[in-house]
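Worksheet: one structure, shown below.
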Amino acid sequence: YKNPYYASGHSAMVHLFEWKWDDIADECERFLGPKGFGGVQISPPNENLVIWGKNRPWWERYQPMSYKLVTRSGNEQQFADMVRRCNNAGVRIYPDAIINHMTGNDPENVGTGGSTGDFHNWQYPGVPYGRNDFNWPHCVIGGNDYACCADRVRNCELAGLKDLNQGTEYVRDQIVNYMNRLIDLGVAGFRIDAAKHMWPGDLSVIYSRLHNLNTAHGFPSGSRPYIYQEVIDLGGEAVRREEYTSLAAVTEFKFGLELSNAFKGNNQLKWLSTWGPAWGLLPHEDALTFIDNHDNQRGHGAGGNILTYKQAKQYKAAIAFMLAHPYGEPQLMSSFDFWDTEAGPPMDHHGNIISPSINSDNTCGNGWICEHRWRPIYQMVGFRNAAGNTGVNDWWDNGSNQIAFCRGGNAFVAFNGDSWALNESLQTCLPAGTYCDVISGEKSHHSCTGKAVTVGHDGRAHISISPGDFDMVLAIYVGSESRL
Ligand code: QV4
Ligand code: CA
């Protein structure tokens with residue numbers, strides 16, 4: 001459950017938060033596949049409660065009404081089409097699986113697929129679920145429970161969301177059948193929402209009943225789904241992430257906190273020479289890593305001082321470090337613009353999601369940020385693919401916030417977080433030649449639109465990044481030569 005089964009030569013996953021299936025299929029073919037992205041995390045594909053009372057907030061999708069594949073993102077046929085087209089483009093699909101709970105006691109009761117419910121009586125005819133399928137006696141998780149009481153964290157309601165009892169065979173069957181339908185349609189794995197709120201023993205049974213990945217979609221026979229479980233563990237809680245790592249991968253929330261802290265200037269970059277488990281992070285193969293996610297970018301969930309697209313220069317540097325460094329399985333966030341932390345995606349007055357428009361410089365419009373289309377970000381996916389399985393070598397720092405390292409003999413990256421210029425002759429580990437920095441520009445015909453770096457026969461090159469540069473990063477790799 002810890003192998004994402006990316007197509008060879010691809011890496012990194014992007015969360016296309018609230019995107020429509022048709023748009024994701026287009027994006028796989030026109031951008032993600034050609035740029036070497038490994039996969040896409042999609043918003044929950046199952047029917048959710050429609051919440052007009054809050055003007056269709058993004059979080060309505062975390063309130064399931066049934067396992068029918070009908071949401072604002074599209075219907076079952078559009079879903080199937082997306083998975084097929086993305087797999088053909090070498091890009092895997094990972095749905096967000098909401099299996100801990102159903103809806104809250106909201107006043108509205110109609111879902112995106114037309115199902116209705118009677119929440120006060122735990123009735124969800126679209127599945128169907130009834131009172132016996134939920135934990136009893138009824139209780140709601142309180143703030144203090146997280147520190148003391150694992151049983152309450154798992155058996156009581158998260159924010160009043162009706163808490164399913166995964167200990168029963170009937171509930172397990174509904175969940176397993178839902179996930180297996182998605183696997184048969186070609187998905188490569190799942191994010192397990194609110195995993196902290198379910199018993200590891202129950203999840204273990206559910207995972208063990210999942211089908212192998214569909215060989216008709218190009219997966220090797222016997223492949224198990226990639227599973228990454230949402231467990232927020234920053235220490236001091238009754239439920240620990242280690243209870244879940246024996247089952248599958250876990251979201252590593254310390255990763256984004258520490259890198260945000262460093263790239264905001266609150267911790268010197270030189271300390272990143274030991275980046276990885278020495279920082280209290282999970283073992284490499286257990287960690288799904290990211291800077292921000294859809295919750296903490298807007299103060300939900302772990303919250304905290306996370307870098308987001310709103311602090312673009314520092315954010316791009318933190319993302320570049322994540323993609324340049326071999327530790328973890330990186331995930332990128334791709335957002336819609338927001339000021340109101342509850343607001344849903346760009347939509348028309350019927351509540352239909354408005355597609356992103358694509359500008360000639362690769363960026364998006366219509367209210368979509370598309371961080372994954374920012375040059376320093378997608379070019380670093382290319383860097384990661386070129387670096388392959390190599391480790392970190394030839395680490396250099398100036399004792400402060402200027403750092404650089406190689407990935408084997410394939411790739412070199414430098415960062416300048418100081419307020420003065422980086423101007424050094426550094427070992428790049430690359431074969432002699434002229435390389436285009438993929439952060440400040442790219443290769444165009446036989447020249448570079450940004451900085452060019454000349455590597456000598458000793459592998460050394462003059463590297464310069466000044467504080468006034470648009471980005472605090474410089475990256476070159478075998479493949480970014482100005483003449484090939
Ligand atoms: C309200 C009251 C409650 C009351 C309840 C009564 O606040 O006190 O008990 O009504 O019915 C929404 C509203 C919330 C409302 C609730 C139920 O925001 O105010 O409760 O619905 O109607 C997202 C949002 C939540 C949202 C939820 C469901 O973040 O605000 O709640 O969707 O729509 C912990 C968990 C972690 C979790 C994180 C947010 O350990 O698992 O909190 N993260 C995941 C997702 C997240 C999602 C959920 C879990 C739930 O990443 O996006 O919550 O699926 O850290
Ligand atoms: Ca639960």
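The values are calculated or read from the model by the stated rules, or taken from the named source; none is laboratory data. Keep in mind the model is a prediction, meaning the values are calculated, not measured. Positions of Cβ are backbone-derived with ideal geometry, glycine not excepted, and every protein chain shown enters the neighbour counts.
Observations on the structure shown:
- Enumeration of residues in the range 357-373 that are surrounded by fewer than 22 Cβ atoms within 10 Å (Cβ to Cβ), out of contact with any helix residue (DSSP H, G or I) (no Cβ under 6 Å at 6 or more places or on another chain) and outside any strand (DSSP E or B): Asn359, Ser360, Asp361, Asn366, Gly367
- Of all residues in the range 109-136, those satisfying the criterion of being in a loop (DSSP other than H, G, I, E, B), away from ligand 2 (no atom under 16 Å from the Cβ) and crowded, with 16+ Cβ neighbours inside 10 Å are Asn109, Thr112, Gly113, Ser115, Gly117, Gly126, Val127.
- Within the range 40-91, the set of residues being over 25 Å from Asp337 (Cα atoms) and of a type in the set (D, E, K, R) comprises Lys68, Glu76, Asp81, Arg84, Arg85.
- If only residues of the range 150-165 that are out of contact with any Gly (no Cβ under 6 Å at 6 or more places or on another chain) and small (Gly, Ala, Ser) are counted, the one that is farthest from ligand 1 (Cβ to nearest atom) is Ala150.
- Every listed requirement among (1) at pLDDT below 95; (2) surrounded by 20 or more Cβ atoms within 10 Å (Cβ to Cβ) is met by Arg407 save one, (1).
- The single condition among (1) surrounded by fewer than 23 Cβ atoms within 10 Å (Cβ to Cβ); (2) touching a His at 6+ places or on another chain (Cβ under 7 Å) that Gly301 does not meet is (2).
- Evaluation of Lys270 against (1) touching a residue at least 60 places away in the same chain (Cβ under 8 Å); (2) under 20 Å from the mean Cα position of the chain (by Cα) (one fails), failing number: (2)
- Failed condition for Met198, given (1) surrounded by fewer than 23 Cβ atoms within 10 Å (Cβ to Cβ); (2) under 28 Å from Val70 (Cβ atoms): (1)
- Qualifying residue in the range 19-32 (condition: assigned to a loop (DSSP other than H, G, I, E, B), surrounded by fewer than 22 Cβ atoms within 10 Å (Cβ to Cβ) and at pLDDT 95 or above): no
- Single residue of the range 166-209 satisfying the filter (closer than 13 Å to Ala248 by Cα and among the hydrophobic types (A, V, I, L, M, F, W, C)) that is nearest to ligand 1 (Cβ to nearest atom): Ala195
Here is a yes/no grid of residues against (1) within 11 Å of ligand 1 (Cβ to nearest atom); (2) assigned to a helix (DSSP H, G or I):
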{"position": "Gly38", "(1), (2)": "no, no"}
{"position": "Pro45", "(1), (2)": "no, no"}
{"position": "Gly53", "(1), (2)": "yes, yes"}
{"position": "Arg61", "(1), (2)": "yes, yes"}
{"position": "Leu69", "(1), (2)": "no, no"}
{"position": "Phe79", "(1), (2)": "no, yes"}
{"position": "Met82", "(1), (2)": "no, yes"}
{"position": "Asn87", "(1), (2)": "no, yes"}
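- The residues on offer are Gly142, Gly186, and the sole one that is farther than 19 Å from Tyr228 by Cα, in a loop (DSSP other than H, G, I, E, B) and either modelled with pLDDT under 95 or not polar (S, T, N, Q) (or both) is Gly142.
Yes or no, residue by residue, for (1) touching a strand residue (DSSP E or B) at 6+ places or on another chain (Cβ under 9 Å); (2) part of a loop (DSSP other than H, G, I, E, B); (3) free of Cβ contacts under 8 Å to residues at least 24 places away in the same chain; (4) away from ligand 1 (no atom under 16 Å from the Cβ):
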residue	(1), (2), (3), (4)
Arg224	yes, yes, no, yes
Tyr244	yes, no, no, no
Val250	yes, no, no, no
Lys313	no, no, no, yes
Phe321	yes, no, no, yes
